[in-house]
Structure formats: C-alpha cells, structure tokens
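The values are calculated or read from the model by the stated rules, or taken from the named source; none is laboratory data. Please read all numbers here as calculations on a predicted model, not as lab measurements. Quick reminder, even Gly has a Cβ in these numbers, built from the backbone with ideal geometry, and neighbours come from all protein chains shown. Only protein heavy atoms, including side chains, enter the accessible area calculation; ligands, DNA and RNA are left aside. Shrake-Rupley method; radii C 1.70, N 1.55, O 1.52, S 1.80 Å.
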Amino acid sequence: MPTPFKLAPLPWDEDALAPTISANTINFHYHKHHQTYVDTLNKLVEGTPFADMKLEAIVQKTAGAQDAKEKKIFNNAAQVWNHDFYWRSLTPAKTDTSSALDSAITSAFGSKDELIAKLAEAGKEQFGSGWAWLVSKGGKLSIEKTPNAETPMAKGVNCLLTVDVWEHAYYLDYQNARPKYLEAVLGKIINWSFAAENLTKEDQAVRAAAE
Ligand code: MN
C-alpha cells in the first residue's frame with residue numbers, strides 16, 4: 001500500500017447494520033476513530049523507512065517494540081488494520097460458511113452456536129479495550145482475545161473474523177452492555193463468507209511459503 005495510508009471505504013452503507021449497530025455509531029467509529037488512526041500513522045511514518053512499507057509489514061515489524069515512537073507506530077498501524085478487518089467481518093447480508101469452514105468449526109467447537117458462545121465469552125472477558133478473534137492455525141480454528149491494538153496478525157496468525165470490543169464500538173447503542181452488543185453482532189451481522197474466504201488464505205500462504 002503506497003503512503004500516505006488512506007481510510008479504506010466501508011463495504012456497506014453507514015446505516016446498513018442498523019439496528020444492530022446504528023449509523024450514528026458507524027459515523028463516529030469510522031470517520032473519527034478509524035480516520036484518526038490513519039492520520040496519526042501517516043504523521044508518525046513520514047520520513048521514516050516505514051513510509052515505504054505495507055501496513056501488515058509495519059504491524060509485524062513494530063510488534064513488541066520498546067522504542068516509544070515505534071510503539072505509537074504499532075498502535076496506530078495495527079488499529080488501521082484491525083478496523084478495516086472488523087468492517088469486513090460484518091455485513092447486513094445473509095451469508096454462509098463454506099463446507100471447509102463448517103468442518104473446521106465442527107471439529108474445533110462442535111457447532112457454530114458453540115463457536116459464537118465462545119467468541120462472546122472472549123469478548124466479554126477482555127478486560128478494558130480490545131478485540132475478540134476467530135483465527136486458524138494449520139487449518140485448526142481457535143479463539144483469541146487481544147488488548148488495545150494488539151492483533152494476532154502481528155505474529156503472522158491467519159485471522160478469520162474479529163469483533164471490536166472497545167467501548168466506542170458499542171457505547172452509543174448499548175451503553176455499558178458489552179454482552180448485549182456481542183450477542184447482537186455475533187447473532188445477526190457476521191460475514192461468514194469473509195471468514196470462509198480467509199480460511200482459504202492460510203492454505204495459500206502455507207503453499208507459497210513451501211514453494
Ligand atoms: Mn474501534
């Protein structure tokens with residue numbers, strides 16, 4: 001991605017996820033929070049070697065940095081990536097898993113309902129700001145929760161979907177009721193086709209690395 005980094009377009013209209021997530025929440029979350037991470041990242045990388053790197057590479061190179069400026073670069077780069085991934089994890093459309101994703105879900109969790117329950121629990125238990133993730137490692141699915149800007153992608157883990165559990169993601173619609181937000185999002189607006197497509201990306205990455 002050439003710099004300056006840009007705010008990627010939303011994959012749906014701003015009111016498309018209502019009433020699960022209101023247009024008001026999307027408006028603040030996308031145009032204020034997400035945009036600010038993009039703008040701050042551009043300021044921080046200007047004139048540094050990071051300015052010529054892809055977003056994913058910046059996140060992976062600055063993960064765990066001790067240097068104060070690199071920590072800031074990590075936080076903003078990871079939040080740009082996480083939010084773009086979050087928007088694509090959501091959809092107002094009726095979507096379905098693939099047979100490969102179905103088998104992986106059954107083998108790891110027993111059922112899709114059980115997977116949803118475990119994701120909701122991870123999101124609820126993340127203390128303070130963070131993210132709940134469905135990831136695949138060697139085709140085996142698991143759930144992770146990360147604080148603040150942390151992301152499994154920083155360690156090269158293949159992410160299938162994520163839910164933002166920072167208060168700004170739900171406070172206008174659900175106030176402090178994070179579990180209600182999680183239940184609504186996970187039950188109504190997850191893009192299962194996006195997760196299925198991401199599952200195939202791990203195979204491609206593994207094959208490319210082996211060649
Ligand atoms: Mn957010």
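Confirm whether ALA93 is exposed (fewer than 15 other Cβ atoms within 10 Å of the Cβ), at pLDDT 95 or above, under 26 Å from ALA16 (Cβ atoms) and outside the structural domain of GLU46 (by TED's automatic domain parsing).
Yes, satisfied.
Looking only at the stretch 150-169, residues that are open to solvent by less than 10 Å² (accessible area, probe 1.4 Å), within 12 Å of the ligand (Cβ to nearest atom) and farther than 13 Å from ASP84 by Cα come to 2 in all.
Scanning the stretch 170-195 for residues that are among the small types (Gly, Ala, Ser) and open to solvent by 10 Å² or more (accessible area, probe 1.4 Å) gives ALA177, ALA184, GLY187, SER193. Look at (1) buried (at least 16 other Cβ atoms within 10 Å of the Cβ); (2) in contact (Cβ under 8 Å) with a residue 40 or more places away in the chain; (3) of a type in the set (Asp, Glu) and you find that ASP52 fails only one, number (1). Any chance the stretch 117-125 includes a residue that's open to solvent by 30 Å² or more (accessible area, probe 1.4 Å) and more than 28 Å from GLY187 (Cα to Cα)? Checked against the condition, which is being open to solvent by 30 Å² or more (accessible area, probe 1.4 Å) and more than 28 Å from GLY187 (Cα to Cα), the stretch 117-125 yields no hits at all.
SER103 falls short on exactly one of the conditions (1) closer than 24 Å to PRO19 by Cα; (2) away from the ligand (no atom under 16 Å from the Cβ); (3) in a helix (DSSP H, G or I); (4) more than 15 Å from the chain's Cα centre (by Cα), and that condition is (1).
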